[in-house]
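Undergrad: Here's a structure for you.
Bear in mind that the values in this text are calculations on the coordinates, not laboratory data. Since the model is a prediction, treat every value here as computed from it, not as a measurement. Glycine gets a Cβ as well: all are built from the backbone with ideal geometry, and neighbour counts include every protein chain shown.
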Amino acid sequence: MKTDKFKTGCLTVNFIGKLSRETAASFALLPRVLRRGSKEHPDMERMAAALDELYGARVEPMVRKKGELHCIGFYADFPDDRFIPGGESVFEETARLVFGILFSPDMRDGLLRPDYIGSEKSNLIDDIRAAINDKRGYSIDRLVSEMCAGEAFGVNRLGDENAARAITPESLSVVYREMLSDLPIEIHYCGSAGPERVASALRPAFSKLPERNDPSFPDTQIVLYPKSSPPRRFTETLDVSQGKLAVGFRLGKAMVGVPDLPALTVFNAVYGSVVTSKLFMNLRERLSLCYFVSSMIDKQKGVMLVSSGVELSDFETALNEITAQLAHVKNGDISEQELISAKRAVVTAIKSAMDRPAGLLDYYFDSAVSAIRYDPVELCGNVEAVTVDRVVDTASEIEPDSIYFLTGKGGDGCDC
């Protein structure tokens, strides 16, 4: 993405693998270990000094979950060369540093360094354990793991603690070499450099890659309909004073063929993803049932997740209202103002993200790895053309699959 809009440029390099319980922890650990040092800069002190010389450039590990894809790599940002005195090529040097981390790690006897693996394993395990401290995020993770048990989507992007503990220098080095030889690579750049300059900066790095197979993106398994009726229910009890209610839905025919992404996005905004939505205006504002409530859609997997914070005694009332508001959308009970507000919110969110280099890159990366290819600028225009009928058609077969309730000791909870 060539643009003179920003004072900083950014570069992302991602390897795209299949989300798997067996490899998730290793995938999550690998960029952390690689970031500790390369042959040229073999420790954090020398790595920090190299970044300081690049006017405070940053290189950070990334671990993302897109549908059932496990995307790992690095995000780098740096001052755009236009703002550097003397015409220094900060972009080329930053790219060289990133690819040195990826392709020329500091190794011992052909293995990734045991000391780096040991300390980063401890950090990863701490992060896995810390997930429970964010009760909102934890409830969504638990819903997904139960709802999609037996599906790759049910695996946490960081893996689990037992798998992390079992990682050895030998096993992680095997995963590293398989990553280089087997996984597709996505590279995205945003800044003032033109395509030829970017290509010239990247080509030398790939001479260090081993002979590669013909990698392609793994498929994401899409389950169109709930596994049972009525929805399955799961309850967990912790020492909390506020309940967390999370509901998972399957999208049905909305995921058949090429999904109508503009209509799906507008439906989500009408139903629950923005402050003018039916969930927010009714459950939170009108009925005061929720401290927070929102919906999100994973368009890769074809699931919608509703997250809410409720009084422990209000579980059933809130659940009934969540399903009732979906029924209103299915019945076409959508006012002109609701539709206009939803479209405005969607377009504003896209444009706001595109006002940041990282946000712009994230949109284009998301499109590149998605089964639904789209351009964010075109998406804004297509959103404006969405009608109530298209929203209703999108919603017509969306049904609840699983319900998770995080309740407190002594709370009423659900009858599960």
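Undergrad: How would Glu120, Glu321, Glu196, Glu53 line up from fewest to most surrounding beta-carbon atoms within 10 angstrom?
TA: Least to most surrounded, the residues fall as Glu196, Glu53, Glu321, Glu120.
Undergrad: While we're here: Label-point separation (nm) for Tyr225 and Ala166, each offset 7 Å from Cα along Cα-to-Cβ?
TA: In this crude spin-label approximation the distance works out to 3.6 nm.
Undergrad: If the elastic network links every pair of Cα atoms under 10 Å, which of Asp366, Asp77, Asp214 fluctuates the most in the Gaussian network model of the chain?
TA: Sorting by GNM fluctuation, first place goes to Asp214.
Undergrad: How much length is gained on full extension from Arg108 to Asp355, taking 0.36 nm per residue of separation minus their Cα-Cα distance?
TA: Working it through step by step, the gained length comes to 84.6 nm.
Undergrad: Further question on the same structure: What is the stretch 1-97 by shape, rounded, prolate or oblate, if you read a ≥ b ≥ c off the alpha carbon gyration tensor as root eigenvalues and call it rounded for a/c under 1.5, prolate for a/b larger than b/c, and oblate otherwise?
TA: Cα axes put the stretch 1-97 in the oblate bin.
Undergrad: What does DSSP give for the chain in terms of the percent of beta bridges that are antiparallel, rounded to the nearest 5?
TA: Of the beta bridges lying entirely in the chain, close to 85 percent run antiparallel.
Undergrad: Could you please state, rounded to a whole Å, how far the C-alpha centre of the stretch 181-218 is from the C-alpha centre of the stretch 261-307?
TA: 38 Å
Undergrad: Can you pull the one-decimal nm distance between simple spin-label points at Ser241 and Glu316, each 7 Å off the Cα toward Cβ?
TA: In this crude label model, Ser241 to Glu316 measures out at 2.6 nm.
Undergrad: Still on this structure, please answer the following. What list of ³J(HN,Hα) values in whole Hz, one per residue of the stretch 221-231 in order, does the Karplus curve 6.51 cos²θ - 1.76 cosθ + 1.60 (θ = phi - 60°) give from phi, with Gly and Pro shown as x?
TA: Karplus values, whole Hz, x for Gly and Pro: 6, 9, 9, 6, 10, x, 6, 7, 9, x, x.
Undergrad: Rounded to the nearest 20 Debye, what is the dipole magnitude of the stretch 34-147 about its Cα centre when Lys and Arg each give +1 and Asp and Glu each give -1 at the C-beta?
TA: Computed charge dipole of the stretch 34-147: roughly 560 debye.
Undergrad: Residues with amide H under 5 Å of Gly9's amide H, sequence separation 5 or more or different chain, H placed in the peptide plane at 1.01 Å from N; which?
TA: It is Phe78, Asp80, by chain and number.
Undergrad: Set the Förster distance to 35 Å, then compute FRET efficiency between Phe292 and Arg373 from the Cβ-Cβ distance, nearest 0.05.
TA: Rounded to the nearest 0.05, the efficiency is 0.60.
Undergrad: Using a Gaussian network model of the chain whose springs link C-alpha atoms within less than 10 Å, name the residue from Leu172, Leu361, Leu238 with the highest mean-square fluctuation.
TA: Among Leu172, Leu361, Leu238, the largest mean-square fluctuation in the Gaussian network model of the chain belongs to Leu238.
Undergrad: Now a separate question. Once you place label points 7 Å from the Cα toward the Cβ at His328 and Ala131, how far apart are they in nm?
TA: Spacing of the two 7 Å Cα→Cβ label points: 3.4 nm.
Undergrad: Need the C-alpha centroid separation for the stretch 50-123 versus the stretch 349-397, integer Å.
TA: Cα centroid of the stretch 50-123 versus Cα centroid of the stretch 349-397: 29 Å apart.
Undergrad: Give the relative contact order (percent, whole number) for the chain; include only Cα pairs under 8 Å separated by 6+ residues.
TA: 22 percent.
Undergrad: Now a separate question. Taking the number of other C-beta atoms within 10 Å as the exposure measure, put His328, His41, His70 in order starting with the fewest.
TA: Fewest-to-most ranking of His328, His41, His70: His328, His41, His70.
Undergrad: Residue by residue, what Karplus-based ³J(HN,Hα) values in Hz, rounded to whole numbers, does the stretch 253-270 have, using 6.51, -1.76 and 1.60 with θ = phi - 60° and x for Gly and Pro?
TA: Here the 3J(HN,Hα) series is 5, 4, 9, 7, x, 9, x, 7, 4, x, 5, 5, 5, 5, 3, 4, 6, 5 Hz.
Undergrad: Report the far tail of the P(r) of the stretch 125-199, meaning the percent of Cα-Cα pairs longer than 20 Å.
TA: 58 percent
Undergrad: Could you give the size of the charge dipole of the chain about its Cα centre, using +1 on the Cβ of each K and R and -1 on the Cβ of each D and E, expressed in debye and rounded to the nearest 20?
TA: Once rounded to the nearest 20, the dipole reads 120 debye.
Undergrad: Could I ask something else about it? Could you identify which residue out of Val346, Val388, Val310 has the top mean-square fluctuation in a GNM of the chain using Cα springs shorter than 10 Å?
TA: Top of the fluctuation ranking is Val388.
Undergrad: Residue farthest toward the positive end of the dipole of the stretch 98-220, with Cβ of Lys/Arg at +1 and Asp/Glu at -1: which of Ile132, Met147, Ala166?
TA: Going by the charge dipole, the pick is Ile132.
Undergrad: Also, quick follow-up: Using every alpha carbon pair in the stretch 8-206, what percent of pairs falls into each 5 Å bin from 0 up to the bin containing the largest distance?
TA: In order of increasing distance, the bins hold 1, 7, 15, 18, 18, 15, 11, 8, 5, 1, 0, 0 percent.
Undergrad: Can you tell me what the convex hull of the Cα atoms of the stretch 191-332 projects to on average, as an area in nm²?
TA: The orientation-averaged projected area of the Cα hull of the stretch 191-332 comes to 14.8 nm².
Undergrad: Under the Karplus relation 6.51 cos²θ - 1.76 cosθ + 1.60, θ = phi - 60°, what is the ordered set of whole-Hz ³J(HN,Hα) values for the stretch 204-214, x standing for Gly and Pro?
TA: x, 4, 7, 5, 8, 6, x, 4, 10, 6, 9
Undergrad: Sequence-distant or interchain residues sharing an amide H contact under 5 Å with Ser38, placed H: which?
TA: Asp43, Asp106
Undergrad: Treating the angle as unsigned and between 0 and 90°, give the value, to the nearest 10°, between the Cα long axis of helix 90-103 and the longest Cα principal axis of the chain.
TA: Rounded to the nearest ten degrees, it is 80.
Undergrad: Would you mind calculating the relative contact order of the stretch 232-408 from Cα pairs under 8 angstrom and at least 6 residues apart, reporting the percent as a whole number?
TA: 44 percent
Undergrad: If you don't mind, there's one more thing I want to ask. Calculate how steeply helix 169-182 sits against the longest principal axis of the alpha-carbon atoms of the chain, using the helix alpha-carbon long axis, and give the answer as 0 to 90 degrees to the nearest 10.
TA: 90 degrees
Undergrad: Still on this structure, I have one more. When only alpha-carbon atoms are used, what values of Rg and Dmax, in angstrom, describe the stretch 274-405?
TA: Taking only Cα atoms of the stretch 274-405, I get Rg and Dmax of 16.1, 45 Å.
Undergrad: As a test of the formula, what do you get for the chain when each DSSP H run with n ≥ 4 contributes -39,500 (n - 2.57) and the sum is divided by the residue count, at 222 nm and rounded to the nearest 500 deg cm²/dmol?
TA: Helix-only estimate at 222 nm: -12500 deg cm²/dmol.
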